[in-house]
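S.K.: Sharing a structure with you now.
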Amino acid sequence: MCRISLEWGWTFQSESKRRRNCAQVRLQLRESEARFSAAFQASPIFIGISQMSNGHFVLVNDAFVGWSGYSRDEILGRSAL
């Protein structure tokens, strides 16, 4: 089992038991996160990601910050509900 901890306390698990495959999964995950982050931040459309359990924002892009008029620190952890 290859277990990888992500931001916000999330965990990704792969069924691979071989170290080599686990390292490859980690590399692919890092590359995927980098692509997502670049697209997320560069988007001119405001985007916010919130937790399903309580509606608190865990991630917002620059367009969201500009649209809201609040700083990123003021938004994160607040409820979207």
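S.K.: Would you pick out the residues in region 59-81 that are touching a helix residue (DSSP H, G or I) at 6+ places or on another chain (Cβ under 8 Å) and among the small types (Gly, Ala, Ser)?
M.R.: Result: 68, 71.
S.K.: From the set of residues in region 66-81 that are part of a helix (DSSP H, G or I) and free of Cβ contacts under 8 Å to residues at least 12 places away in the same chain, which is surrounded by the fewest Cβ atoms within 10 Å (Cβ to Cβ)?
M.R.: Only one residue tops the list, namely 73.
S.K.: Does region 32-50 hold any residues that are without any contact (Cβ under 8 Å) to a residue 12 or more places away in the chain and under 13 Å from residue 78 (Cα atoms), and which are they?
M.R.: 49
S.K.: Kindly list the number of the only condition in (1) modelled with pLDDT of 90 or more; (2) assigned to a strand (DSSP E or B); (3) surrounded by fewer than 12 Cβ atoms within 10 Å (Cβ to Cβ) that fails for residue 13.
M.R.: Every listed condition holds for residue 13 apart from (1).
S.K.: Further question on the same structure: Restricting to region 51-62, name every residue that is in contact (Cβ under 8 Å) with a residue 24 or more places away in the chain and touching a Phe, Trp or Tyr at 6+ places or on another chain (Cβ under 6 Å).
M.R.: Correct list: 58 only.
The values are calculated or read from the model by the stated rules, or taken from the named source; none is laboratory data. Treat the numbers as computed from the prediction; the structure is a model and nothing was measured. Neighbour counts run over all protein chains shown; Cβ positions are idealised from the backbone, glycine included.
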